[in-house]
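Asks: I have a structure here, written as structure tokens, and I will follow up with some questions on it.
The values are calculated or read from the model by the stated rules, or taken from the named source; none is laboratory data. Computed from a predicted model, the values in this text were never measured in an experiment. Cβ: placed from backbone, ideal geometry, glycine included. Neighbour counts: every protein chain shown. SASA here: full protein model, heavy atoms, side chains in, ligands and nucleic acids out. Shrake-Rupley method; radii C 1.70, N 1.55, O 1.52, S 1.80 Å.
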Amino acid sequence: MTRNLKRWPLRLASLLACLLFWQLAASVKLDLGLLTFTYVPTPKAVLEAAWKLLTSSTLLAHLGSSLSRVFAGYATAALTGVALGLLIGRSKWAEDTLLPPLEVLRPIPAVAWIPLAILMFPSSELSMVFITFTGALFPILLNTVHGVEAVDPRLVASARSLGAGRWAILREVVLPGALPSIVTGLAIGMGTSWFCLVTAEMISGQFGIGYYTWESYTLQNYPDIIVGMLLIGVLGMGSSALVKRIGELATPWYRTRRAG
């Protein structure tokens with residue numbers, strides 16, 4: 001704990017240095033040829049825009065829309081990804097039949113799913129939830145598979161020799177052993193779900209942080225663009241940190257082992 005506290009001054013200094021560079025570059029309209037700050041608003045203008053959004057009646061509508069879409073897609077992806085990951089990790093048959101098509105779908109970016117999602121689902125709301133689901137699914141799935149495959153086979157053999165059945169082995173040996181990797185996948189999946197949701201909201205949303213950011217660009221409200229970007233970053237970081245914290249509480253043995 002003390003060692004972590006000693007690291008905070010350097011972290012804060014790093015943030016302040018970035019803010020200072022941003023202020024100077026935007027104030028003098030720094031132009032480096034390939035990179036220009038001519039139209040980048042200053043931190044002061046962004047702060048004023050943030051205060052305006054904070055005191056407006058639309059903030060809750062944007063937040064509510066984005067949060068409901070993220071957590072609906074994320075929760076579905078978490079349940080599906082962990083279940084499929086356990087199945088694929090424990091069954092060669094499932095690995096041979098399920099993993100190849102999933103691996104084909106995995107590299108497809110969220111933007112490419114948008115036209116098909118609009119065609120498949122009766123409402124734009126469901127299509128955005130689906131895109132969020134696809135973004136979160138694969139990190140959760142692959143980390144679960146990795147965690148299951150990394151469980152020491154000797155532990156499984158020992159449990160089986162003591163009379164444990166398949167479900168007991170899964171519950172008492174495989175799941176606790178794979179849980180740290182599952183938590184990592186859940187945290188990564190939360191971040192990618194925000195990325196995918198914002199992409200979807202920019203194209204087919206009416207409310208939401210992504211829609212707010214894209215609308216600000218079309219209206220040339222440049223400070224509002226950065227407000228939307230920062231809000232996305234804070235929400236994504238906060239939700240991922242929440243998932244990690246819950247994971248730490250669920251795996252006290254893993255934290256103790258790392259500390260030792």
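Asks: Out of all the residues in segment 51-66, is one or more among the charged types (D, E, K, R) and closer than 19 Å to Phe207 by Cα?
Replies: Our first condition is that a residue be among the charged types (D, E, K, R); within segment 51-66, this holds for 52.
Still in the list and also closer than 19 Å to Phe207 by Cα: 52.
Yes, because at least one residue in segment 51-66 is among the charged types (D, E, K, R) and closer than 19 Å to Phe207 by Cα.
Asks: Given the residues Asp152, Asp224, which is the only one that is open to solvent by less than 80 Å² (accessible area, probe 1.4 Å) and more than 25 Å from the chain's Cα centre (by Cα)?
Replies: On the way: Asp224 fails: more than 25 Å from the chain's Cα centre (by Cα).
Residue meeting the stated conditions: Asp152.
Asks: For the condition among the small types (Gly, Ala, Ser), within 18 Å of the chain's Cα centre (by Cα) and either surrounded by 13 or more Cβ atoms within 10 Å (Cβ to Cβ) or in a loop (DSSP other than H, G, I, E, B) (or both), what is the one hit in Ala50, Ala26, Ala78, Ala94? Spell out how you get there, then give the answer.
Replies: Details: Ala50 fails: within 18 Å of the chain's Cα centre (by Cα); Ala26 fails: within 18 Å of the chain's Cα centre (by Cα); Ala94 fails: within 18 Å of the chain's Cα centre (by Cα).
Every option except Ala78 fails the conditions.
Asks: Now, a different point. Name the residue, out of Gly64, Gly81, that is out of contact with any strand residue (DSSP E or B) (no Cβ under 6 Å at 6 or more places or on another chain), of a type in the set (Gly, Ala, Ser) and more than 29 Å from Ser181 (Cα to Cα). Give the derivation first.
Replies: Values: Gly81 fails: more than 29 Å from Ser181 (Cα to Cα).
The match here is Gly64.
Asks: Related question: Do any residues in segment 20-36 that are closer than 16 Å to Ile226 by Cβ have Cβ atoms under 9 Å from those of residues that are charged (D, E, K, R) and outside any helix (DSSP H, G or I), where the two are at least six apart or on different chains, and which pairs are they?
Replies: Matching pairs, first to second residue: Thr36/Lys29.
Asks: If you don't mind, another one. Out of all the residues in segment 61-72, is one or more more than 30 Å from His146 (Cα to Cα) and either of a type in the set (Ser, Thr, Tyr) or open to solvent by 100 Å² or more (accessible area, probe 1.4 Å) (or both)?
Replies: Taking segment 61-72 as the starting set, the residues that turn out to be more than 30 Å from His146 (Cα to Cα) are 61-66.
Applying the additional criterion that residues be either of a type in the set (Ser, Thr, Tyr) or open to solvent by 100 Å² or more (accessible area, probe 1.4 Å) (or both) yields 65-66.
Within segment 61-72 (the criterion being more than 30 Å from His146 (Cα to Cα) and either of a type in the set (Ser, Thr, Tyr) or open to solvent by 100 Å² or more (accessible area, probe 1.4 Å) (or both)), the answer is yes, since at least one residue qualifies.
Asks: Just to be sure before I move on: is Leu15 open to solvent by 100 Å² or more (accessible area, probe 1.4 Å), of a type in the set (A, V, I, L, M) and modelled with pLDDT under 85 in the structure I sent?
Replies: On the way: open to solvent by 100 Å² or more (accessible area, probe 1.4 Å): yes; of a type in the set (A, V, I, L, M): yes; modelled with pLDDT under 85: no.
It is false that Leu15 is open to solvent by 100 Å² or more (accessible area, probe 1.4 Å), of a type in the set (A, V, I, L, M) and modelled with pLDDT under 85.
Asks: Which residues, taken from segment 38-47, are more than 14 Å from Ile225 (Cβ to Cβ) and not in a helix (DSSP H, G or I)?
Replies: The answer is Thr38, and nothing else.
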